[in-house]
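A.B. asks: Okay, here's the structure, questions in a sec.
The values are calculated or read from the model by the stated rules, or taken from the named source; none is laboratory data. No experiment lies behind these values; they were computed from the predicted model shown. Quick reminder, even Gly has a Cβ in these numbers, built from the backbone with ideal geometry, and neighbours come from all protein chains shown. For accessibility, only protein heavy atoms count, side chains too; no ligands or nucleic acids. Shrake-Rupley method; radii C 1.70, N 1.55, O 1.52, S 1.80 Å.
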Amino acid sequence: MSASEMWNIFLMQGFAGLSLFSVLLLMGLGLAIIFGQMGVINMAHGEFMTIGAYTIFMLSSLTETYAPTLTPYYFFVAIIVAFILAFAVGWMAEWALIRHLYRRPLDTLLATWGLSLGMQQIFRSTFGAKEVSPTLPEWLLGSWAPAEGLDIPINGMFVMGLTLLVTAGVFLMLYRSRWGLRVRATVSNRTMANAIGINTKKTDRMTFAIGCGIAGVAGAAFTTIGSTGPTSGSLYIVDAFLVVTFGGAASLLGTVASAFGIAQTQSISEFFLTGSMAKVLTLLTIITILMIRPQGLFALKVRR
Amino acid sequence: MSGTAMLNVNDLFVSYGQSQAIHGISFGANRNETVAVMGRNGMGKTTLFKALMGVLPLKGGKVEVDGVDLSREESFRRVAGGIGYVPQGRMIFPTLTVEENLKTGLENAKNKEIPEEIYALFPVLFEMRKRKGGNLSGGQQQQLAIGRALVTNPKVLLLDEPTEGIQPSIIKDIAKALNEIRKLREITIVVSEQVLSFALDVADRLFVIEGGRLVHESTRANIDADRIKQYLSV
């Protein structure tokens with residue numbers, strides 16, 4: 001293998017890593033804002049991603065059946081619908097289940113795990129155990145070849161762009177909107193936020209729903225790089241937790257950096273080693289770093 | 001209490017689990033009146049204020065603001081009902097900028113801009129508006145906490161030991177600001193205090209709290225300073 005071939009492989013694996021990075025980042029963002037706001041570890045987060053993925057599948061089938069001419073465009077609408085559906089289910093889950101369990105971290109862990117199992121069964125009963133794939137629009141297929149032997153897949157670039165957009169949106173919402181102000185005040189001091197007039201319970205529900213909505217978008221992105229089954233989401237949940245812990249809980253910048261690091265280590269080493277060895281290498285690196293810096297990559301430096 | 005009272009507290013009981021901390025406190029405060037609740041540490045001042053704000057639940061009794069019963073409401077509804085709260089230890093949001101801290105109080109306001117009046121009262125907050133709240137000095141944080149409570153446009157302003165841990169020159173400023181606020185807005189101010197000179201600077205009436213009961217009341221004009229000092233001495 002020549003040096004330039006090696007370089008191309010490195011670039012392509014790096015880019016494959018970027019797709020993984022996108023899904024992990026979107027999952028991690030949702031988990032991080034939910035954990036930061038109310039200390040809830042949402043074990044069902046992966047299933048909210050699956051909701052997004054199945055939404056794309058359903059809309060793709062509907063479009064194919066009823067309006068085949070719209071096939072090139074349905075994807076944009078579908079992403080928004082994926083957000084809305086995951087948001088709505090998250091809103092209801094918070095109202096029916098989670099809000100009764102605040103300040104009981106172990107119970108929320110169990111309850112959301114139960115929720116995740118229940119949702120998986122609902123997916124299985126509705127869509128069947130077999131994995132499905134939506135028909136992607138033509139323009140998402142194929143690849144861009146800027147140089148000989150170097151192929152950058154278009155769907156990967158699309159997912160990247162989508163992730164950048166959503167991440168920027170989350171930052172903007174957190175730092176510029178009234179909701180963001182409520183969230184940051186509540187994270188800083190819940191009792192005081194309530195005593196200054198903020199309805200913290202409503203803020204909790206909104207935050208949980210937004211976090212789930214972002215997972216729905218992650219699911220939409222996921223359909224472009226993999227096929228969807230009832231347990232697709234649970235495959236990503238462990239990695240998404242790793243991203244949040246490694247990045248430093250409640251630090252969005254940390255979430256971005258750690259999603260990037262984990263995805264790239266995983267993807268690049270996967271090419272040179274076997275898949276499981278790559279996983280071992282990733283985990284070993286993370287554990288070593290967490291032993292030295294238990295607070296994660298980025299921790300807040302303000303006195304509390 | 002007379003029917004004209006802006007704040008009406010009636011037979012208030014508060015407990016921490018099994019142990020009762022406030023044993024039936026009643027008092028009222030009128031519009032455009034400042035009352036001070038004096039007492040040593042551990043006598044129930046902060047517990048009383050937390051109960052008024054809904055941070056601690058009532059075991060019994062009533063809290064009324066402008067004739068509306070708020071006794072069973074959550075804190076954020078009491079804010080909408082007209083109570084502004086400056087807690088002990090200031091409790092500003094350290095990770096938010098000064099400007100954002102003030103904006104948190106605008107939940108119920110139609111116009112989401114910080115009123116200029118606040119910066120006129122506390123010019124230092126304008127200078128520091130882009131700084132993180134956690135990087136302000138104690139006195140500046142106290143002014144921020146008062147400003148944040150004022151932004152909610154309260155009918156009754158509660159201040160729990162506003163002079164605690166603050167340098168004497170700033171204490172004077174805070175007294176001046178409180179009198180200014182009362183003149184501008186004609187609201188009711190309830191302040192808890194251990195420093196008699198500060199209380200005399202701002203209050204029309206003084207209560208003494210001891211062991212969770214009000215044991216003494218006097219107007220500023222008829223004050224028996226020696227008696228109150230006796231209550232305050234350890």
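A.B. asks: Kindly indicate whether B:L125 is crowded, with 19+ Cβ neighbours inside 10 Å, over 19 Å from the mean Cα position of the chain (by Cα), away from chain A (no Cβ under 14 Å) and not charged (D, E, K, R).
C.D. replies: Values: crowded, with 19+ Cβ neighbours inside 10 Å: yes; over 19 Å from the mean Cα position of the chain (by Cα): yes; away from chain A (no Cβ under 14 Å): yes; not charged (D, E, K, R): yes.
It is true that B:L125 is crowded, with 19+ Cβ neighbours inside 10 Å, over 19 Å from the mean Cα position of the chain (by Cα), away from chain A (no Cβ under 14 Å) and not charged (D, E, K, R).
A.B. asks: Of the residues A:T255, A:T245, which single one is open to solvent by less than 10 Å² (accessible area, probe 1.4 Å) and within 15 Å of the chain's Cα centre (by Cα)? Before the answer, list the steps.
C.D. replies: Values: A:T245 fails: open to solvent by less than 10 Å² (accessible area, probe 1.4 Å).
Exactly one residue qualifies, and that residue is A:T255.
A.B. asks: Is it the case, given these coordinates, that A:L174 is within 30 Å of B:T95 (Cβ to Cβ) and touching a residue at least 60 places away in the same chain (Cβ under 8 Å)?
C.D. replies: yes
A.B. asks: Provide a single number: the residues in the stretch B:31-48 that are open to solvent by 60 Å² or more (accessible area, probe 1.4 Å), in contact (Cβ under 8 Å) with a residue 40 or more places away in the chain and not charged (D, E, K, R).
C.D. replies: 2
A.B. asks: Regarding the stretch B:63-71, can at least one residue be identified that is in contact (Cβ under 8 Å) with a residue 24 or more places away in the chain and either touching a helix residue (DSSP H, G or I) at 6+ places or on another chain (Cβ under 7 Å) or of a type in the set (A, V, I, L, M, F, W, C) (or both)?
C.D. replies: Yes, the stretch B:63-71 has at least one match.
A.B. asks: Moving on to the next point. Hey, can you tell me all the residues within the stretch B:177-234 that are within 29 Å of B:R148 (Cα to Cα) and of a type in the set (D, E)?
C.D. replies: Scanning the stretch B:177-234 gives B:E180, B:E186, B:E193, B:D201, B:D204.
A.B. asks: Looking only at the stretch B:101-114, which residues are assigned to a loop (DSSP other than H, G, I, E, B), among the hydrophobic types (A, V, I, L, M, F, W, C) and facing another protein chain (nearest Cβ under 10 Å)?
C.D. replies: Looking only at the stretch B:101-114, we keep the residues that are assigned to a loop (DSSP other than H, G, I, E, B), and these are B:107-114.
Narrowing further to those that are among the hydrophobic types (A, V, I, L, M, F, W, C): B:109, B:114.
Once the filter is applied, which keeps residues that are assigned to a loop (DSSP other than H, G, I, E, B), among the hydrophobic types (A, V, I, L, M, F, W, C) and facing another protein chain (nearest Cβ under 10 Å), the stretch B:101-114 yields only B:A109.
A.B. asks: Could you tell me how many of the residues in the stretch A:179-222 are acidic (D, E) and not in a helix (DSSP H, G or I)? Spell out the reasoning first.
C.D. replies: Taking the stretch A:179-222 as the starting set, the residues that turn out to be acidic (D, E) are A:204.
When the remaining residues are screened for being not in a helix (DSSP H, G or I), the result is none.
Here the count works out to 0.
A.B. asks: OK, next. Show the residue pairs that are 6+ apart or on different chains and have beta-carbon atoms under 7 Å apart, the first residue being within the stretch A:182-198 and at the interface with chain B (Cβ under 7 Å from one of its Cβ atoms) and at positive phi, the second being assigned to a helix (DSSP H, G or I) and open to solvent by 10 Å² or more (accessible area, probe 1.4 Å).
C.D. replies: A:G197/B:F76; A:G197/B:A80
A.B. asks: Tell me which residues, restricted to the stretch A:117-143, are farther than 15 Å from A:G46 by Cβ and open to solvent by less than 80 Å² (accessible area, probe 1.4 Å).
C.D. replies: Matches in the stretch A:117-143: A:F127, A:G128, A:A129, A:V132, A:S133, A:P134, A:T135, A:L136, A:P137, A:L140, A:G142, A:S143.
A.B. asks: Within the stretch B:48-58, can one find any residue that is of a type in the set (G, A, S) and at the interface with chain A (Cβ under 10 Å from one of its Cβ atoms)? Outline the logic, then answer.
C.D. replies: First, the residues of the stretch B:48-58 that are of a type in the set (G, A, S): B:51, B:54.
The next check asks that each one be at the interface with chain A (Cβ under 10 Å from one of its Cβ atoms); those that pass are B:54.
Yes; the residues of the stretch B:48-58 include at least one that is of a type in the set (G, A, S) and at the interface with chain A (Cβ under 10 Å from one of its Cβ atoms).
A.B. asks: Let me ask something else. Just for the stretch B:128-147: of the residues that are assigned to a loop (DSSP other than H, G, I, E, B) and of a type in the set (D, E, K, R), which one is nearest to the other protein chains (Cβ to nearest Cβ)? Full working, then the answer.
C.D. replies: Looking only at the stretch B:128-147, we keep the residues that are assigned to a loop (DSSP other than H, G, I, E, B), and these are B:128-131, B:136-137.
After this cut, where a residue has to be of a type in the set (D, E, K, R) as well, the list is B:129-131.
Values: B:R129: 15, B:K130: 13, B:R131: 11 Å.
Only one residue fits best here, namely B:R131.
A.B. asks: Something else: Select the strands (runs of 3 or more DSSP E) contained entirely in the stretch B:148-234, then report the ones holding at least 2 residues which are open to solvent by 40 Å² or more (accessible area, probe 1.4 Å) and touching a residue at least 24 places away in the same chain (Cβ under 8 Å). Break it down stepwise before answering.
C.D. replies: Details: elements: B:156-160, B:188-193, B:205-210, B:213-219.
Once the strands (runs of 3 or more DSSP E) in the stretch B:148-234 are filtered for at least 2 residues that are open to solvent by 40 Å² or more (accessible area, probe 1.4 Å) and touching a residue at least 24 places away in the same chain (Cβ under 8 Å), what remains is B:213-219.
A.B. asks: So, A:I225, is that one part of a loop (DSSP other than H, G, I, E, B), open to solvent by less than 10 Å² (accessible area, probe 1.4 Å), among the β-branched types (V, I, T) and at negative phi or not? Break it down stepwise before answering.
C.D. replies: Numbers: part of a loop (DSSP other than H, G, I, E, B): yes; open to solvent by less than 10 Å² (accessible area, probe 1.4 Å): no; among the β-branched types (V, I, T): yes; at negative phi: yes.
Taking the combined requirement at face value, the residue does not satisfy it.
A.B. asks: Identify, please: which residue in the stretch B:79-100 is in a helix (DSSP H, G or I) and facing another protein chain (nearest Cβ under 8 Å) and is, among those, least open to solvent (accessible area, probe 1.4 Å)?
C.D. replies: So in the stretch B:79-100, the residues in a helix (DSSP H, G or I) come out as B:79-80, B:98-100.
Next, from what is left, pick out any that are facing another protein chain (nearest Cβ under 8 Å): B:79-80, B:100.
Numbers: B:V79: 6, B:A80: 67, B:E100: 33 Å².
That would be B:V79.
A.B. asks: From the residues in the stretch A:167-181 that are open to solvent by 30 Å² or more (accessible area, probe 1.4 Å) and among the aliphatic types (A, V, I, L, M), which one is farthest from the other protein chains (Cβ to nearest Cβ)?
C.D. replies: A:A168
A.B. asks: Now for a separate question. Can you give me the number of residues within the stretch A:183-216 that are closer than 24 Å to A:A78 by Cβ and open to solvent by 10 Å² or more (accessible area, probe 1.4 Å)?
C.D. replies: Pass one, the stretch A:183-216, residues closer than 24 Å to A:A78 by Cβ: A:206, A:208-216.
From what is left, the residues that are open to solvent by 10 Å² or more (accessible area, probe 1.4 Å) are A:206, A:210.
Count: 2.
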